[in-house]
Amino acid sequence: MAAIIPQLFDVHTASADINQFLDQLAHNPDNRFRIHPRVISYKSKNMKNNAIQLALEADRRDYEACDIMQQAKHTMVSSSSLLWLSGNITGIQQNGNHWHSYALIYFERKVFVIDPEYQPPAPGRVRRLVEIEHLDLAKEFIPLISGSQNTIRHGVNCWGRVVDHVYLCGTGHIVQIGTGQCNPETGGWMQQFVRGGGDMSWFDRHDVEEVIMR
């Protein structure tokens, strides 16, 4: 099977193709992270079903190829996890720039959200996660995995993780908001990160913003 080149992704790239790319990354010999095998796009099964029912016939297979947050539990059992999130930020229909993609890393009680359209705050301002626009999935997912009912420390059957810090950053490239570059930028960043052995010092070499989780 030919290698998928994420830099060729665009706003119309099928979820199935991104899933194939994630599988490709997971089997990269340099990979040391547990990579979730499918795009995460929905908070719940009901939200996914509603989106599929309201979608055009041609889009339904694409919607079906995405996971809900709870399906990440097998990935989050690892202390080094990498996920692709892609959510609708303006409505139900997956149309052009309405959907926004970004990567999320969980590593040793820290969460890093790598957003291609990241915009830093004014100097000296400390933001809360809930303030950040177009990261709706992350704002739901991080409290879900870190909630007391889910964290591993509260029982062997729980799948969540303890989160002490949440950080936001870009991919290292300047991307204008609404230009439709989030898919190739997210894919390109993930590929570079995995091929580099998941080197967490990348975040030490780039501007990273810590936000208040709640």
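The values are calculated or read from the model by the stated rules, or taken from the named source; none is laboratory data. Remember, it's a predicted structure, so these values are computed and weren't measured experimentally. Here the Cβ is made from the backbone with ideal geometry for all residues, glycine too, and neighbour counts use every protein chain on show. Quick note on the areas: whole protein, heavy atoms, side chains included, nothing else; ligands and nucleic acids left out. Shrake-Rupley method; radii C 1.70, N 1.55, O 1.52, S 1.80 Å.
Measuring with a 1.4 Å probe in the full set of protein chains, what accessible area per residue, in whole Å², belongs to the stretch 1-70?
59 Å²
Leaving out ligands, DNA and RNA, and with a 1.4 Å probe, what % of the accessible surface on the chain is carbon or sulfur?
With neighbouring chains kept in place, the figure for the chain is 50 percent.
Let's test the formula: R0 of 41 Å, r as the Cβ-Cβ distance of Arg214 and Ala2. What FRET efficiency results, to the nearest 0.05?
Here the calculated transfer efficiency is 0.40.
What size of dipole, in debye to the nearest 20, comes out for the chain about its Cα centre when the only charges are +1 on Lys and Arg C-beta atoms and -1 on Asp and Glu C-beta atoms?
Computed about the Cα centre, the dipole is about 760 debye.
What is the chain's relative contact order, in percent, from Cα pairs under 8 angstrom and six or more apart in sequence?
Relative contact order of the chain: 25 percent.
Which one, Leu56, Leu104, Leu22, has the greatest fluctuation when you compute a Gaussian network model over the chain with C-alpha springs under 10 angstrom?
Looking only at Leu56, Leu104, Leu22, the largest GNM fluctuation is found for Leu56.
Using a 1.4 angstrom probe on the protein heavy atoms only, could you order Lys73, Lys139 from most to least accessible area?
The ordering from most to least exposed comes out as Lys73, Lys139.
Go ahead and set up a Gaussian network model of the chain, Cα springs under 10 Å, then flag whichever of Gly178, Gly196, Gly124 fluctuates most.
Gly124
Would you mind classifying the chain by shape? Square roots of the alpha carbon gyration tensor eigenvalues, ordered a ≥ b ≥ c; an a/c under 1.5 is rounded, otherwise it is prolate if a/b is larger than b/c and oblate if not.
Values: a/c = 1.21, a/b = 1.14, b/c = 1.06.
Verdict is rounded for the chain.
Could you state how much accessible area Glu140 has, in square angstrom rounded to the nearest 10, with a 1.4 Å probe and all protein chains kept in place?
80 Å²
Would you rank Met76, Met200 by solvent-accessible area, highest first, keeping every protein chain in place and using a 1.4 Å probe?
Of Met76, Met200, the descending order of accessible area is Met200, Met76.
Take every DSSP beta bridge whose two residues both sit in the chain, then give the antiparallel share in percent to the nearest 5.
In the chain, DSSP labels about 60 percent of beta bridges as antiparallel.
Of the residues Gln191, Gln20, Gln53, which exhibits the maximal mean-square fluctuation in a Gaussian network model of the chain defined by a 10 Å Cα contact cut-off?
The residue with the greatest mean-square fluctuation here is Gln53.
Shape call for the stretch 1-111 from the C-alpha gyration tensor, a ≥ b ≥ c root eigenvalues: rounded (a/c under 1.5), prolate (a/b greater than b/c) or oblate?
Note, shape of the stretch 1-111 comes out oblate.
Cα centroid distance between the stretch 1-74 and the stretch 193-214, in Å?
What the calculation gives is 23 Å, centre to centre.
Rank these by accessible area, largest first, 1.4 Å probe: His206, His100.
Highest to lowest solvent-accessible surface, that is His206, His100.
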